[in-house]
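**Q** First the structure, which I've put down as structure tokens, then a few questions once you've had a look.
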Amino acid sequence: MELTHYLGEKARLIDKTLDNFLPHPSIKPESLHRAMRYSLFAGGKRLRPILCIAACEICGGKEKDALPVAAALECVHTYSLIHDDLPCLDNDNFRRGCYTAHKVFGEAIALLAGDALLTLAFEILAQAHPTLRYSPQMFLSELSRAAGSRKLIAGQVADLEGEGQKRGLSELYFIHRCKTSAMIVVSLRLGAMVANATPSNLASLTTFGENLGLAFQIVDDILDVTQTSGCLGKSAGKDVAAKKATYPALMGVGASRREAARFTCSARRAIESFGPRAKLLQKLAFFLLERKR
Ligand code: GRG
């Protein structure tokens with residue numbers, strides 16, 4: 001199947017699954033449920049849930065078994081975006097081509113919509129079926145760690161505290177591993193675990209995810225300086241304005257592109273052991289390297 005067709009098909013299925021898990025907007029408190037749905041359905045790429053499904057399939061599992069886990073991952077990701085955009089953090093007006101949740105619903109409801117999405121993710125994940133190797137507790141533990149104070153939130157704190165500071169490549173690497181790779185890695189790992197993956201397949205997908213996440217964040221930083229807000233669906237040029245340490249700021253756009261390509265090649269090599277089944281994820285890695293938004 002052609003990659004763009006695959007991505008479109010999966011995104012459609014993920015949206016349907018999310019719609020089923022989200023409380024209906026007519027359920028009280030309506031404002032909260034509307035805000036949760038607003039940010040979730042504003043038009044994200046669905047990268048993390050797609051990676052989850054693809055990892056499940058590459059390990060011989062069924063798409064339908066990965067869908068609830070995939071939906072939980074998108075809930076956590078969307079929560080992080082809503083909170084990141086709040087005035088106390090990045091203070092952004094646009095996300096996914098729309099006004100940010102706090103611009104539309106006010107800060108309090110946006111904050112609570114993020115909280116509710118994060119909580120819903122764990123409610124969904126707790127219902128996951130055990131496999132021979134992995135229990136629902138293991139799924140919960142994986143996601144809690146990835147979204148917790150040593151990974152996703154650690155990345156946010158380091159990013160925040162680094163604004164205006166001189167930062168080197170090793171600090172940048174730490175931030176990217178935490179704020180971007182952690183959620184990408186856990187998406188792949190959970191998809192593989194749903195398919196009862198062998199420890200060796202799980203390890204290969206982990207290395208793939210770490211490298212893919214690093215490449216993804218470098219490309220994100222390149223796009224911030226090379227694309228318009230209209231194209232990105234979020235405010236461009238924010239990193240320079242906030243004096244953030246990024247790859248383009250440290251080494252320029254050309255060298256950053258080469259670094260992103262290098263991480264993408266490492267990602268591709270990490271899953272060669274899957275043979276022809278690795279093709280889709282390998283193509284996806286190159287597609288993300290070339291993306292324009
Ligand atoms: C826990 C508040 C909080 C934040 C956590 C920094 C951070 C971590 C989140 C902010 C958003 C951000 C810049 C994350 C880094 C990863 C990244 C490039 C996210 C954007 O992901 P895309 O491009 O977004 O997949 P869509 O909208 O397509 O889903």
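**Q** Confirm whether P49 is at pLDDT 95 or above and either buried (at least 21 other Cβ atoms within 10 Å of the Cβ) or within 17 Å of S187 (Cα to Cα) (or both).
**A** yes
**Q** Does any residue of the range 140-150 turn out to be in contact with a Lys or Arg (Cβ under 7 Å, 6 or more places away or on another chain), within 13 Å of the ligand (Cβ to nearest atom), in a helix (DSSP H, G or I) and closer than 21 Å to E74 by Cβ?
**A** No - not one qualifying residue is present in the range 140-150.
**Q** Take the conditions within 16 Å of the ligand (Cβ to nearest atom), surrounded by fewer than 18 Cβ atoms within 10 Å (Cβ to Cβ) and in a helix (DSSP H, G or I) and apply them to G8. Does it pass? Before you say what the answer is, go through the steps one by one.
**A** Details: within 16 Å of the ligand (Cβ to nearest atom): yes; surrounded by fewer than 18 Cβ atoms within 10 Å (Cβ to Cβ): yes; in a helix (DSSP H, G or I): yes.
Answer is yes for this residue.
**Q** Take R257 and tell me if it is assigned to a helix (DSSP H, G or I) and not polar (S, T, N, Q).
**A** Criteria met by R257.
**Q** Report, by residue number, each residue of the range 234-253 that is in a helix (DSSP H, G or I) and modelled with pLDDT under 90. If you could, list the steps in order and put the result at the bottom.
**A** Keep residues of the range 234-253 that are in a helix (DSSP H, G or I), which gives 238-241, 247-253.
Within the range 234-253, K238, D239, V240, A241 qualify.
**Q** Moving on to the next point. Six or more apart or on different chains, Cβ under 9 Å: which pairs go from a residue in the range 80-108 that's hydrophobic (A, V, I, L, M, F, W, C) to one that's part of a loop (DSSP other than H, G, I, E, B) and more than 9 Å from the ligand (Cβ to nearest atom)? Could you list them?
**A** The qualifying pairs are L81/T100; I82/T100; L86/D92; L86/T100; F94/T100; F94/S235.
**Q** Something else: Which residues, taken from the range 234-248, are in contact (Cβ under 8 Å) with a residue 24 or more places away in the chain and surrounded by fewer than 17 Cβ atoms within 10 Å (Cβ to Cβ)?
**A** K238, A242, K243
**Q** Can I ask one more? Within the bounds of the range 227-250, is there any residue that is under 17 Å from the mean Cα position of the chain (by Cα) and of a type in the set (S, T, Y)?
**A** No, there is no match, as no residue in the range 227-250 is under 17 Å from the mean Cα position of the chain (by Cα) and of a type in the set (S, T, Y).
**Q** Then there is this: Could you tell me which residue of the range 55-111 is farthest from the ligand (Cβ to nearest atom), considering only residues that are at pLDDT 95 or above and out of contact with any helix residue (DSSP H, G or I) (no Cβ under 8 Å at 6 or more places or on another chain)?
**A** That would be G60.
**Q** When you go through (1) near the ligand (Cβ under 9 Å from one of its atoms); (2) within 21 Å of K16 (Cβ to Cβ); (3) of a type in the set (A, V, I, L, M, F, W, C); (4) free of Cβ contacts under 8 Å to residues at least 60 places away in the same chain one by one for L47, which number turns out not to apply?
**A** Unmet condition: (4).
**Q** For Y134, work out the one condition from (1) of a type in the set (F, W, Y); (2) free of Cβ contacts under 8 Å to residues at least 24 places away in the same chain; (3) not in a helix (DSSP H, G or I) it doesn't fulfil.
**A** (2)
**Q** Ok, one more. Among residues belonging to the range 191-226 that are within 18 Å of M251 (Cα to Cα) and not hydrophobic (A, V, I, L, M, F, W, C), point out the one that is nearest to the ligand (Cβ to nearest atom).
**A** Result: D220.
**Q** Continuing with the same structure: With the structure loaded, tell me whether A72 is touching a Phe, Trp or Tyr at 6+ places or on another chain (Cβ under 8 Å) and buried (at least 21 other Cβ atoms within 10 Å of the Cβ) or whether it fails that test.
**A** yes
The values are calculated or read from the model by the stated rules, or taken from the named source; none is laboratory data. All figures in this text were calculated on a predicted structure; none of them were measured in a lab. Here the Cβ is made from the backbone with ideal geometry for all residues, glycine too, and neighbour counts use every protein chain on show.
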